[in-house]
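No lab work stands behind these numbers, since they all come straight from the coordinates. Not measured: the values here are computed from a predicted model. All Cβ positions, glycine included, derive from the backbone under ideal geometry; neighbour counts span all protein chains shown.
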Amino acid sequence: MRIQVSGKQIDVGEALTTHAEEKLRETVGKYFDRTVEAIVTFSRESFEYAADISVHLATGLTVKAKARADEIYAAFDGALERMEKQLRRYKRRLKDHHRNRQAPIEYFGAPSYILAGESGQKDGEEPESLQPVIVAEMETRVQSLSVGEAVMQMELAGAPLLVFRNTAHGGVNVVYKRDDGNIGWIDPRNSAQ
């Protein structure tokens, strides 16, 4: 497994890097023997340290966890504990997902845009145009997944929503977390015309 340990505006020493690599290999190795890569990022958020861990599994799914604490080692250990809980919870489903899938998860590129917010306007003031101002253009990767795999990927990544290509019919779908704790699924192909 390839592990990248870095810090955002903080120096990550050799001892912390070694600690993170060893613990991550040990924890992920309990559940999966074929892991592609892992990224650990440390940062400082006001008076606390934050550790952000992202592990890309051989099944094509990504597991993410984040934690904050007063000490940098405690932040990493907290994030690792959350990741282990996710891996333990989804181990059976992840293995079933890999066994049932004939081909690896496919990705396709899609344009992604960041639009300017309304911060430049005064309260109640109407915009000059209804055309949004594009601040940035990027390319994002959209996965081809079943609905069940998409829900699992969204939960593993800790994301509020996930856009994916439905393997059942090839259309673009969205799964999202609802305020009531349930999962919503948008499938435009099934809408009445």
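Modelled this way, with points 7 Å down the Cα-to-C-beta line, the labels at residue 140 and residue 88 are 3.3 nm from one another. Restriction of the trypsin sites (Lys or Arg not before Pro) in the range 33-96 to DSSP coil positions whose beta-carbon has at most 13 other beta-carbons within 10 angstrom yields 34. Approximating the spin labels as points 7 Å out from Cα along Cα→Cβ, the residue 45-to-residue 114 distance works out to 1.8 nm.
Summarising the label geometry, the points placed 7 Å from Cα in the beta-carbon direction at residue 133 and residue 21 lie 4.6 nm from one another. Taking a sphere under 12 Å around the Cβ of residue 23 and counting the other residues whose Cβ falls inside, with K and R at +1 and D and E at -1, yields a net charge of -4.
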